[in-house]
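Here's the structure we're looking at; comments come further down.
Derivation of every value follows stated rules applied to the coordinates shown; laboratory data play no part. Just so we're clear, the structure is a prediction, and the values are computed from it rather than from any experiment. Cβ atoms come from the backbone with ideal geometry, glycine included; neighbour counts cover every protein chain shown.
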2 protein chains.
Amino acid sequence: MADGRTGHGESLLYLTDEQLRQGIEAMFFAYRGFTADPDRILGDLAYGRAHHRAVHFINRAPGTTVNNLLNILGVTKQSLNRVLRTLIEDGLVESHVGKADKRERHLYLTEAGAALEQRLSDAQRARMRAAFRDAGPEAVAGFRTVLEAMMDSELRGAYTRLKESGT
Amino acid sequence: MADGRTGHGESLLYLTDEQLRQGIEAMFFAYRGFTADPDRILGDLAYGRAHHRAVHFINRAPGTTVNNLLNILGVTKQSLNRVLRTLIEDGLVESHVGKADKRERHLYLTEAGAALEQRLSDAQRARMRAAFRDAGPEAVAGFRTVLEAMMDSELRGAYTRLKESGT
DNA sequence: TTGGAATGTCAACAAGACTGACATAAAATA
DNA sequence: TATTTTATGTCAGTCTTGTTGACATTCCAA
């Protein structure tokens, strides 16, 4: 597609192995920063990153089913179930049997759950906001473009659906 | 919150909570894609992501010490040691006692280790290359700018040093 | 020379992922 | 109606990868 600006002698220097390696390492180090603040908060409580992810996506799509969450998170039901069980026991998440289909469980955050979600996402947003502000709008647009191109196609679908449900 | 415009007429629309949330989710889904290909290869062998990281950075800086690797990877020495032990047992990494300081161990990939590193990074680079090509050079520049701004400052230091040692 | 700091190893444990087997209930279908 | 499929939950066991604690070795400086 946008292959370095057409074929007429334009440089593809940004596609050298060295550039790609730098991109890979940037991704590695940046992801550490990306998760560092929520991880600190979660460490104080008895929760981990898995709980954060569950709470995040339940907040994003209240009433989502277990199966739906499974597909978004890309883990096994056994693994997700362990996390959900503790969140429900601790009163952060509620599970309601579906009205139309009684096999389904619809998931909602309680007030306490929403408070935790807020606390976690505030921390993560603060870092993202600082990075976005430092980098400027054009860089942010490029950032998003590359990330979308890097997703697996099924995940890109999930991401796009979430994105569009936002506003 | 970040709700619109500054006084000096510049749009800050890219800093709304909604935009930040999309950035967070993009990061989450993209990182899954980023690690998917190496993870598949590693799953067939008896290795995990931790082995990949170790092999990657030993390849990047041959002769690096355990302590140095520790700082880059951000795990405990005990955790790294387990990984290194299996890699050494399997003949992928060599550990040499330091000449100047005999407490240090200097780490090198064997031929087999270099072959695995190549195989893993080929897979990861292929995806990165496709994403970079689809996104174009301006987007790639923005991508790198935002990622660097998102790192913790110590990690940014490590990243920059690696980056500059590259060419 | 002696004690502290740096470096690395071994052991034990926990979180969170996995697979496999199985149970239950409800929906869909033959 | 009988059977199969789907959605969910649970138990048991394994693996990777993180953690702390205890310890050995080596270096260096008081």
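Summary table
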{"read-out": "Cα gyration tensor, region A:97-144 - rounded (a/c under 1.5), prolate or oblate", "value": "oblate"}
{"read-out": "Gyration tensor (alpha-carbon) shape descriptor, region A:117-167, a/c threshold 1.5", "value": "oblate"}
{"read-out": "Averaged over A:72-83, number of beta-carbon atoms from partner chains that fall within 10 Å", "value": "1"}
{"read-out": "Long-range amide H partners of B:Val93 with built H, under 5 Å", "value": "B:Ile88, B:Thr110"}
{"read-out": "Under the Karplus curve 6.51 cos²θ - 1.76 cosθ + 1.60, θ = phi - 60°, whole-Hz ³J(HN,Hα) for region A:96-108, x wherever Gly or Pro sits", "value": "10, 4, x, 7, 6, 10, 6, 6, 7, 10, 9, 9, 9"}
{"read-out": "Prolate/oblate/rounded call for chain B, Cα gyration tensor, a/c under 1.5 rounded", "value": "prolate"}
{"read-out": "Euclidean distance of C-alpha centroids, region A:47-92 and region A:123-138, integer Å", "value": "27 Å"}
{"read-out": "Cα-Cα pairs of region A:72-167 separated by more than 20 Å (percent)", "value": "60 percent"}
{"read-out": "Quotient of C-alpha Rg and 2.2 N^0.38 Å, computed over the protein assembly as shown", "value": "1.07"}
{"read-out": "Estimated FRET transfer efficiency (A:Ser153, B:His96; beta-carbon r; R0 41 Å; 0.05)", "value": "0.35"}
{"read-out": "0 to 90° range, to nearest 10: angle between helix A:153-166 axis and chain A longest Cα axis", "value": "70 degrees"}
{"read-out": "Most positive-pole-ward Cα, A:Pro62, A:Leu116, A:Gln78, against dipole of region A:62-167 from beta carbon charges", "value": "A:Gln78"}
{"read-out": "Pseudo-label separations to other copies for B:Asn81 - Cα-to-Cβ vector, 7 Å, nm", "value": "3.8"}
{"read-out": "Relative exposure of A:Met27, B:Met128, judged by other C-beta atoms within 10 Å (fewest first)", "value": "A:Met27, B:Met128"}
{"read-out": "Averaged over A:51-63, number of beta-carbon atoms from partner chains that fall within 10 Å", "value": "1"}
{"read-out": "Likely footprinting exposure, A:Leu69, A:Leu12, fewest C-beta neighbours within 10 Å first", "value": "A:Leu12, A:Leu69"}
{"read-out": "Charge dipole (debye, nearest 20) of region A:1-113; +1 at Cβ of Lys and Arg, -1 at Cβ of Asp and Glu", "value": "540 debye"}
{"read-out": "For B:Glu104, distant residues with modelled amide H under 5 Å away", "value": "B:Gly98"}
{"read-out": "Angle in degrees between helix A:111-135 and the longest Cα principal axis of chain A, rounded to the nearest 10", "value": "10 degrees"}
{"read-out": "Ranked A:Ser95, B:Ser79, A:Ser121, A:Ser153, criterion: other C-beta atoms within 10 Å, fewest first", "value": "A:Ser153, B:Ser79, A:Ser95, A:Ser121"}
{"read-out": "Neighbouring partner chain Cβ atoms per residue of A:12-19, average, 10 Å criterion", "value": "5"}
